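Here's the structure, in structure tokens; my notes come after.
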Amino acid sequence: MTGKEASKNEARERISYLTRFLTECNQAYYVEDAPKISDYEFDMLLKELEGLEKQYPDWVLPGSPTQRVGGEPVKDFPTVVHSVPMLSLGNTYSREEVAEFDARLRKLSPEPFDYVCELKYDGLSISLTYDNGVLVQAVTRGDGIQGDEVTANVRTIRTVPLQLLPIPGGLAGPDLDTGHSGNVSQTAAAYPERFEIRGEVLMPRSSFMELNARREEIGESPFANPRNAASGSLKLQDPAEVSRRKLDCFLYFLLGPDIRLPDGSLADLHSERLEMARSWGFKTGDYYRRCAGLQEVYEYIDYWDKERENLPFDIDGIVIKVNQTHLWPVLGSTAKSPRWAIAYKFKAERVCTRLNSIDFQVGRTGAVTPVANLEPVALGGTLVKRASLHNADIISRMDVRIGDYVYVEKGGEVIPKIVGVEPARREAGSEPFEFIRNCPECGTPLVRKEGEAGHYCPNEEGCPPQIRGKLEHFISRKAMDIMSLGEGKVELLYDKGLVRNVADFYDLKYSDLYNIGKEIEGKDGTTRSLSFKKKTVENILQGVEASKQRPFERVLYALGIRYVGEATAKVLARHFQSMDALMAASEEELAQVDEIGEAIARSVHEFLRRDKERAVIERLAFHGLHLSYQEEQASTALAGTSWVISGTFSRPREEMKRLVEVHGGRMVSSISAKTDFVLAGTNMGPEKRKKAESLGIPLVSEEEFFRRIGESFPVQPSRPVQSELF
């Protein structure tokens with residue numbers, strides 16, 4: 001054997017060993033809470049593995065720990081039909097109902113049984129499929145019959161094993177650089193060749209607090225609760241961002257009749273299956289308990305009703321399952337729920353306080369939302385002053401009146417909700433509350449559309465909060481992305497009469513903007529001055545000018561047509577190719593487009609038939625905005641290469657990303673051994689620079705980038721030396 005061949009064989013053995021050893025370390029750290037090595041050692045070994053895999057890509061094992069955050073952004077989540085429907089559980093709220101559940105099962109069952117009690121995790125149900133011990137598919141519950149495939153995102157969750165232990169096949173290999181033994185267990189795996197396991201993806205409270213702090217710091221709205229945050233995170237398009245959310249996953253349901261114990265016998269008991277799953281590397285937790293009868297079930301419920309606040313994650317109840325799985329088909333299921341399991345739901349924290357008044361808020365679409373102003377009361381660790389009342393039907397059904405003492409539940413929401421009234425404390429002579437008939441902002445009579453619970457102000461052209469909302473939507477990041485404007489500045493422009501519709505942004509001149517200002521009251525009651533100085537005005541005008549380069553689908557989305565989100569705007573733009581063709585389409589033609597239903601078709605048709613909207617679109621066309629669709633493929637100069645972008649550039653970052661893609665390149669979210677180039681602007685992040693240099697990834701300057709794609713490097717506009725505040 002030549003020296004070169006020996007070197008290759010050593011590398012292959014090393015890749016095999018590191019893959020298995022780091023998988024064991026992941027399981028020990030995230031599942032067993034018993035770290036095998038330090039974080040530094042782990043990072044160094046992972047870096048070594050990344051380097052070897054980059055050098056020898058044909059030897060990368062499918063369960064390699066380097067594959068957790070290596071995927072491309074996901075544009076669509078395919079729908080997958082579940083092999084076995086993911087039924088929801090029936091709910092119960094009292095011991096009496098639990099006893100009734102037990103009595104029903106005793107009558108149905110041909111033999112005695114016991115229970116397994118588990119925590120009811122407050123997250124998002126997930127189904128994982130493994131083939132030869134490797135994770136191959138992850139699907140959300142969806143409607144129970146079919147769900148969304150989110151495999152790339154689930155792979156980022158550290159408590160979800162990519163490869164089960166022990167890893168069959170391959171060579172253990174010598175440990176070339178560390179003091180650790182190269183011997184990894186080669187015991188025959190007990191898991192089936194292919195199987196499915198189900199559980200819950202959730203966000204720990206610490207991750208939730210960290211995420212919301214980060215969102216508030218950059219001006220984004222915080223998530224309402226960890227459950228919503230987990231659900232939203234799992235549907236993100238960028239796996240790297242999902243990884244940063246630090247999700248967790250508990251598995252609690254191993255499917256299949258052929259699950260065998262180490263001695264070869266069938267694993268009939270659900271509790272045995274949980275232990276089997278744990279031995280394979282799944283996080284099943286230490287919280288479940290086998291209960292002989294109702295008394296032990298009650299003890300388990302009572303314990304966790306008190307102790308749930310001490311858990312590092314949220315639960316909303318207890319799941320009670322028959323332990324003997326061979327009885328599950330005998331006991332059967334209803335159309336929605338299995339008969340052999342039930343959920344005991346904890347009662348939400350509730351307080352009683354006085355309802356002082358009801359305000360009404362008007363949104364961008366004209367929806368009018370009633371909000372209760374309460375006597376401040378402590379609830380769930382915060383001081384609650386306001387609560388949602390949703391709509392007129394709910395107010396009427398609960399007979400909520402001003403001055404009533406009402407019951408408020410937080411239920412995980414940022415704005416708590418009123419769930420009932422204490423009639424014994426109602427003041428004599430109180431009158432039923434009447435929902436307003438006219439818009440609180442413009443006085444227009446409200447309308448209520450057939451089949452909808454909410455009231456709407458139809459005065460789209462003259463209702464101030466609706467107009468401001470549409471203007472703010474138009475400049476938002478996902479629409480025209482005029483980041484030099486913001487909510488406060490748009491409000492000032494509106495108050496000064498400078499903008500009344502979205503086309504007015506493109507008529508703004510320096511003389512219109514310079515030195516205008518007003519006092520703004522903050523949420524804390526303090527006031528600050530907002531005035532436009534030279535630099536602010538220049539930035540606004542430059543941002544407005546740059547927005548003319550946004551593609552047709554972004555312009556269509558920015559118009560704020562009801563029901564037309566980003567995806568729908570792209571479908572319409574691609575199908576009709578131009579605004580003229582879209583405006584000429586009938587409602588029937590619109591409804592025939594894939595993914596466009598009757599409600600969307602009607603909304604688009606009505607919007608584009610209004611003289612006012614047509615006049616606005618004509619003005620946008622006059623100002624040079626893109627109103628026709630272009631399949632972007634300028635060249636193949638960057639074909640087959642992957643890019644990460646970091647720093648600031650002469651053009652907006654979204655424009656730079658678009659240039660990479662239209663010239664054949666592929667944007668990836670984070671630097672890894674598989675990244676080909678980093679597009680490095682000024683003020684590039686030092687950590688990204690350090691990582692790129694350590695992996696030997698070339699840094700491409702903006703000037704060099706434009707040379708590669710055959711375009712002239714844009715000349716930087718001159719800027720004043722002195723800084724100015726607005």
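The values are calculated or read from the model by the stated rules, or taken from the named source; none is laboratory data. As the structure is a computational prediction, the values presented were derived from the model and not from experiment. Positions of Cβ are generated from backbone atoms using ideal geometry, with glycine treated the same way; all protein chains shown enter the neighbour counts. We work out accessible area using only protein heavy atoms, side chains counted, and drop any ligands, DNA or RNA first. Shrake-Rupley method; radii C 1.70, N 1.55, O 1.52, S 1.80 Å.
Isolated cysteines in the chain, defined as those with no second cysteine Cβ under 4.7 Å, comprise 25, 117, 249, 291, 352.
Label-to-label distance for residue 377 and residue 602 is 4.0 nm, based on points extended 7 Å past Cα in the beta-carbon direction.
Multiplying the sequence separation of residue 437 and residue 305 by 0.36 nm and subtracting their Cα-Cα distance, what value in nm do you get? Don't skip to the end; give the middle numbers.
Values: separation 132, 0.36 × 132 = 47.52 nm, distance 4.46 nm.
Full extension of this stretch gives 43.1 nm more.
Surface listing: 108, 255, 61 arranged by accessible area from highest to lowest gives 108, 61, 255, probe 1.4 Å. The trypsin sites (Lys or Arg not before Pro) of region 416-464 that meet both conditions, a loop assignment by DSSP and at most 16 other Cβ atoms within 10 Å of the site Cβ, are 426, 437, 448, 449.
Could you state the accessible area per residue of the chain in Å², with a 1.4 Å probe and every protein chain left in place?
That works out to 50 Å² per residue.
The slack in the chain from residue 96 to residue 134, taken as 0.36 nm per residue of separation less the alpha-carbon distance, amounts to 9.3 nm.
In region 261-338, the portion of solvent-accessible area held by carbon and sulfur atoms comes to 52 percent [1.4 Å probe, whole percent, DNA, RNA and ligands not counted].
According to the Kirkwood relation over distinct C-alpha pairs, the hydrodynamic radius of the chain is 30.1 Å. Given R0 = 45 Å, the distance between the Cβ atoms of residue 336 and residue 279 translates into a calculated FRET efficiency of 0.85. As a length-normalised measure over Cα pairs under 8 Å and 6 or more apart, the relative contact order of region 537-601 settles at 26 percent. Of all lysines in the structure, those lying under 26 Å Cα to Cα from residue 336, and not within fewer than 8 positions of it along the same chain, are 107, 120, 235, 321, 345, 347.
Within the assembled protein chains, the solvent-accessible surface assigned to residue 41 is about 80 Å², based on a 1.4 Å probe. Taking all protein chains together and a 1.4 Å probe, the residues 308, 364, 198 rank 364, 308, 198 from largest to smallest accessible area.
Name the GluC sites (Glu not before Pro) in region 45-135 that are in a loop by DSSP and that have at most 10 other C-beta atoms within 10 Å, would you?
Values: sites: 48, 50, 53, 96, 97, 100, 118; in loops: none.
Hits after loop and neighbour filter: nothing returned.
By a 1.4 Å probe calculation restricted to protein chains, residue 151 has an accessible surface near 20 Å², given to the nearest 10.
Pairs of Cα atoms under 8 Å, at least six residues apart: use those to get the relative contact order of the chain, whole percent. Walk me through the numbers on the way to the answer.
Details: 1224 pairs, mean separation 70.4, N = 726.
Averaging sequence separation for qualifying contacts and normalising by length gives 10 percent for the chain.
Site pair residue 516 and residue 356 shows an inter-label distance of 3.5 nm when each label is modelled 7 Å from Cα along Cα→Cβ. Here's the picture: a label point sits 7 Å out from the Cα of residue 399 along the beta-carbon direction, and within region 428-454 the residues with their amide nitrogen under 18 Å of it are 428-435.
Here the mean projected area of the convex hull built on the C-alpha positions of region 236-346 is 9.7 nm².
For the pair residue 577/residue 676, report the inter-label distance in nm, with labels modelled 7 Å from Cα in the Cβ direction. Rounded to a tenth, the inter-label distance reads 3.1 nm. Given a 1.4 Å probe and the protein chains as shown, residue 475 ends up with an accessible area of around 10 Å². Dividing the radius of gyration of the alpha carbons in region 345-421 by their Kirkwood radius gives 0.96 for Rg/Rh.
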